[in-house]
1. Any residue in segment 170-180 that is surrounded by 23 or more Cβ atoms within 10 Å (Cβ to Cβ) and modelled with pLDDT under 90?
2. Consider only pairs whose beta carbons are under 8 Å apart and that are at least six residues apart or on different chains; among these, list those whose first residue lies in segment 92-121 and is under 21 Å from S157 (Cβ atoms) and whose second residue is of a type in the set (S, T, N, Q) and assigned to a strand (DSSP E or B).
3. Just checking, does segment 6-22 include any residue being outside any loop (DSSP other than H, G, I, E, B), at pLDDT 90 or above and surrounded by fewer than 17 Cβ atoms within 10 Å (Cβ to Cβ)?
4. Regarding A180, is this residue within 19 Å of L17 (Cβ to Cβ) and small (G, A, S)?
5. With the structure loaded, tell me whether K49 is modelled with pLDDT of 95 or more, closer than 27 Å to P143 by Cα and over 20 Å from the mean Cα position of the chain (by Cα) or whether it fails that test.
6. Kindly indicate the residue of segment 38-52 that is touching a residue at least 24 places away in the same chain (Cβ under 8 Å) and surrounded by fewer than 23 Cβ atoms within 10 Å (Cβ to Cβ) and also nearest to G133 (Cα to Cα) among those meeting that condition.
7. Among the residues of segment 53-66, is there at least one that is assigned to a helix (DSSP H, G or I), of a type in the set (S, T, N, Q), at pLDDT below 95 and surrounded by fewer than 20 Cβ atoms within 10 Å (Cβ to Cβ)?
8. For segment 87-192, which helices (runs of 4 or more DSSP H) that fit wholly inside it have 2 or more residues that are farther than 27 Å from P14 by Cα?
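The values are calculated or read from the model by the stated rules, or taken from the named source; none is laboratory data. Remember, predicted model here, so these are calculated numbers, not experimental data. With ideal geometry, Cβ positions are generated from the backbone for all residues, glycine too; neighbour counts draw on all protein chains shown.
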Amino acid sequence: MPSPPHRAEGADAPVWLITGSSTGIGLALARHALSLGHNVIATARNPNKYPDIVAELTSHYHHHPLSGHAQAHFLTLDVTAPYAQIEAFVKHAESLHGRINILVNNAGYCVLGAIEDVPMEKWEQQMRTNVFGPVALTKAVLPAMRKRRSGTILNISSGAGFIAPTGQGVYSASKHALEALTESLASEVSPFDIRVASFVLGAFRTSMGQVGADIVLDRERTYRNIGQAGTGESEEGGGLYLRGSSWEEELRDPENGERLLRFILGDDSWKGVNRKIEEETGVSGA
């Protein structure tokens with residue numbers, strides 16, 4: 001297990017921009033970052049729906065004994081907005097602390113249903129949220145990161161980025177695209193010392209599989225056991241993400257020191273990815 005990151009405070013503390021911070025992994029990650037004295041810019045499409053969460057992040061931790069001078073802002077952000085609005089949002093976010101050190105593309109939307117049954121508008125909505133949203137945020141933060149020659153971009157992915165289960169073709173297509181973007185971007189920005197990685201999510205207990213899913217199913221002719229919530233704990237997942245993303249030296253292969261591109265989190269995700277490798281190559285991925 002990687003060592004926990006050191007606690008930094010004040011002007012030198014890392015600044016996180018986390019999309020989809022009102023529930024689940026995004027919220028857990030924001031809490032962990034603040035507990036370490038890091039600064040957090042949390043976002044949601046409608047923060048007014050989560051007054052208790054907004055109050056917790058922006059007030060409770062402001063002078064928390066464990067977080068020192070950590071600051072949190074909770075801003076409104078729709079990742080599907082036109083790019084000009086995303087760009088303006090990022091400029092405002094950068095002005096709050098003078099920089100964004102770590103972008104976490106966490107906001108997600110899950111369409112479940114047979115490929116034939118899912119209307120085209122749902123396909124478009126899925127891609128706008130899970131693919132074009134991260135692309136827009138990434139494009140907007142890169143100029144300043146490249147100028148500073150430092151930064152980290154984390155894409156919260158899923159085992160669905162490698163495996164396409166029955167009834168999850170739409171969602172899986174979006175996560176496959178996110179994995180491809182992560183891989184290509186990592187090589188493009190490596191010369192600028194910008195770190196890019198994806199976290200391949202297992203079944204943590206969040207709202208994604210229930211109220212966070214848009215289920216388009218004909219229950220009489222297609223698949224019934226789709227979209228059940230996972231059993232892992234999102235707070236635990238947030239801690240794992242934080243330990244991986246904040247401690248730069250722990251993100252390297254222990255044998256050759258090379259930076260790692262993907263981190264598979266959750267026993268189910270690990271087994272699923274390994275099973276996929278074995279099925280397609282005949283070679284165990286373990």
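1. no
2. Sorted first by the residue in segment 92-121, then by its partner, the pairs are N101/T152; I102/T152; L103/T152; N105/N155; A107/T43.
3. The answer is no; no qualifying residue exists.
4. When the stated conditions are applied, A180 does not pass them.
5. no
6. Looking at the filtered set, the residue picked out is R45.
7. Looking for residues that are assigned to a helix (DSSP H, G or I), of a type in the set (S, T, N, Q), at pLDDT below 95 and surrounded by fewer than 20 Cβ atoms within 10 Å (Cβ to Cβ), one finds at least one in segment 53-66, hence yes.
8. So the answer is 120-127, 169-189.
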